[in-house]
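Read through the structure below, which is laid out as structure tokens, and then see the notes.
The values are calculated or read from the model by the stated rules, or taken from the named source; none is laboratory data. What you see is a predicted model; the values in this text were computed from it and never measured. With ideal geometry, Cβ positions are generated from the backbone for all residues, glycine too; neighbour counts draw on all protein chains shown.
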Amino acid sequence: MVIEIIYLNIFIVFLLITFQAVYHCIVYICKLFFEMDPEEAKFMRTERKPGSVDVHPNIDAICLNYDLDIQILASKENVLYGEKKSLKKIIELPMINSRTDCHALSKEVVNQCELIHHSRLPEVEQIIYYLKKRKMQNGNRGNSAMLGDGDKIVAEKISNGVQEANYNSLSDYIDLLYEGMSEKIKGAQLIQLLARDTENLEALATNETLISALGRVLREDWKRSISLSTHLVFTFFCFSMYSCFHDVILKCKVGSICMDIIDYELRRYDRWKADFEGSEAPSDIPIVRKPCPSSASMSDIPRSRIPEPVRPKSGNFSDSNISQIMEGSVYDDLTTSMEGIDDRKLTDEQKLKRFRTLVKKQEHLLRVAFYLLLNISEDEVVEEKMSKRNIIGLLAKALERENDDLLILVITFLKKLSIMQCNKETIVGNSNVIEKLPRMLNSNSADLVHLTLKLLFNMSFDHKARYKMIKAGLLPKIMSLLSDDKHQEVVLKILYHLSYEDEVKHNFVDCIGLITDMLLLNVGNEQDKTMVALCINLATDTSNAQHIIKKNRLQALIMRAFTYQDAMLMKMLRNISENSSSAAAFIEFVGDIAKAVVESKDDDFIRECVGILSNLHLPDLDWAEIFKHFDMIRWTKNIITSNNSDAELVLHVIVLLGTASTDEGCSNLFCETNILALLIDLLKTHQEDDEIVLQIVYVFLIALSHGSNIDYIVNKTEAPAYLIDLLQDNNKIIRKLCNTCLNIISEYDKTWAERIRIEKFRNHNQQWLTMVDTQQLDSEEEDEDELPPYLNTEYLSTAVVPPLSDLHDAAETEIISDKDLECDYFDNNEEEEDMIQEFDFEAM
């Protein structure tokens, strides 16, 4: 028993020693490899980041690539050690068959696998569909042929006679580009299929051999085959979808080649059409401008001029092999194409079929080429180069085609270019783009119509473009699309721009009623502002104004304007009220408008309401009663005496006073309430503002036309003195109005008549009087005893001025009589009445 206890103790001691040794080993390893203290390690964090999802090359399975990130953390989550590793998870799907539901199976895979997010469900479904299709094809033709190692599969799936592309065979595809035309087409097509997969683009872009070969073949052989050109351009088009690969395209100068291809194909289409119709061939003048040549050394010669080495598959250089190698090289005559319809052996039906086939292929090439140019034109420098080479001419020529998809792309390109002013001028200038657009608006494609309208909107900012649009008959076509909800917004904007032209406003009569009804139905819509702005422009035309207020629309418009306190809508009503034929319709709403003027808090709304009242030159209106009933006298005094009032609002109020003064009772009310006296103070404040001064003088002219107000204006205001001072104003209209007012005052008050005559004399002969004073001073210095040869101005102020003879063509230095001066400034009553009518002003 004692021996067993001893052995047990020895065993325990041995275990302790062993555990201690292991512990020290772990500590040593941690210090050696991880450079950390194991006592500090508290946590381990594992993170899995999902990557790409691919198809397994051999079995029916999904390969999920993910990254495993392992980190050892300290107590405060400080990273002591971290390691990342890329792993792969195989999800086998052996049950796939022809009856497999790809959507249901993909849901099951996503739900079971935590590494696949639910947002990748369509991607997983597409992979399962591919596995299902591959298994069905493998079952039909047996096992796939294997090349070399078991991991490499030659995808020999044939789809329409075309081999499926495999990135592992890229070098073989490049070799095909150095063979005959059929091999080049096949190689270009396989490379294009690889480029369609976005995951291959980065690897393809870094393959200099591939890019060089593609650029060389495109430069040298694009004229020889539409199919070859299409495959090559499409490959570069795949790169153009991403800005990071644009350098690949610019390095090979693919954009310039594409413009040459488009130019050549458009002109070749004209030749095909002429051959088919038996008409005379059109001129074959290139549309694209050639770039300016620059001096270059031999080292700067473009690669297209240097023959590149040819790599035949075999080393046999027989005569037939040599001819095959040289086919498509730089030594061939590239001016002739392999496609054409000028075969005399073909019947008319066969020619038509061939013509349609070639046109279809050509339009596909044009679409890809234009799309590539559109993508790389996001760089302003590249777009400028395209413009210099006349890209707009190519787009204008392409508008003659019938393919809707091609036309949509062309219109989109033009819309992008039309943003720049220089491009817009070219489009409007000699390209005849606008003349070709009416056909697009008749298309059955809603997208084409909408893009065409957007292009027209971009160009409608230019006056010349608007003129051409109207001349091309686009206005009726655009108005016909107004009822279409999809195009309504852009149509309204185009019509708004076209409404700038006064000569075409009467053409809107057919649609102005519809626009007004749309405005009344759309409450709080974003299109309201555009419709109101359009109606504001159109309401200045008499016929449009009459159509707007038909069918009780005026009452509905006023109700809506008052409900929403809409200043723009009131501006439209104000323009309607400017037409004498429409102003009478506002009589029943005068009270509501006057009440809104006094009670509203919106200055813009008040300004438009005052403008409407100012336009109502109606003899039936009792302005005195309106001002009394709505207490507008107090409101008017507050506006014209307040220092914080808006100058524009003050001007509108003065215009309203001029309109209301045509009523003699209201004019007497203004005299009784000292409104006219306040206008004199306002004249002092705004003496530099010609518009306000002119309207104030007009108010006095209207008030003086009523005999009952003359005594108040002459004896209780300073109006005559200020009118005399304004005779020297620089504004000709103000001088004429003041002269007319002073003539009326002269007839009423003889005291003022004498002073007015002298002041008119001084004003008209100011230069002569200045010369007289100067001459008199000089003569007094020479001899004080002699009489002065001229009368001075002091004598003129005390002596009676005798009448002088009539002067019809008097110079500025001649003296004229006061009677002639009065005759020159509208002295008779008939001319005064004409002046009142002539200066029936309104605020602008």
Between a residue in region 541-554 that is touching a residue at least 24 places away in the same chain (Cβ under 8 Å) and aliphatic (A, V, I, L, M) and any residue that is surrounded by 15 or more Cβ atoms within 10 Å (Cβ to Cβ) and part of a loop (DSSP other than H, G, I, E, B), which pairs come within a Cβ distance under 6 Å, given they are 6 or more apart or on different chains? ALA545/ALA539; ALA545/ASN579
Is there a residue in region 72-82 that is within 23 Å of ILE128 (Cα to Cα), in a loop (DSSP other than H, G, I, E, B) and either assigned by TED's automatic domain parsing to the domain that holds ILE127 or modelled with pLDDT under 80 (or both)? no
Can you find a residue that is at pLDDT 50 or above and part of a loop (DSSP other than H, G, I, E, B) anywhere in region 299-322? no
Among the candidates SER645, SER661, SER708, SER667, single out the residue that is under 22 Å from LEU726 (Cα atoms) and either at pLDDT 90 or above or among the polar types (S, T, N, Q) (or both). SER661
From the option list GLU672, GLU625, GLU664, single residue qualifying as among the charged types (D, E, K, R) and crowded, with 17+ Cβ neighbours inside 10 Å is GLU664
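Restricting attention to region 606-623, does a residue exist that is within 41 Å of the chain's Cα centre (by Cα) and either modelled with pLDDT under 90 or polar (S, T, N, Q) (or both)?
Yes, because at least one residue in region 606-623 is within 41 Å of the chain's Cα centre (by Cα) and either modelled with pLDDT under 90 or polar (S, T, N, Q) (or both).
Conditions (1) touching a residue at least 24 places away in the same chain (Cβ under 8 Å); (2) farther than 23 Å from VAL410 by Cα, marked per residue:
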{"site": "PHE457", "(1), (2)": "yes, no"}
{"site": "LEU481", "(1), (2)": "yes, no"}
{"site": "GLU503", "(1), (2)": "no, yes"}
{"site": "GLY513", "(1), (2)": "yes, yes"}
Among the residues of region 689-698, is any assigned by TED's automatic domain parsing to the domain that holds LEU649, among the charged types (D, E, K, R), within 50 Å of the chain's Cα centre (by Cα) and not in a loop (DSSP other than H, G, I, E, B)? yes
Sole miss for LEU521 among (1) under 18 Å from GLU578 (Cα atoms); (2) aliphatic (A, V, I, L, M); (3) modelled with pLDDT under 90 is condition (1)
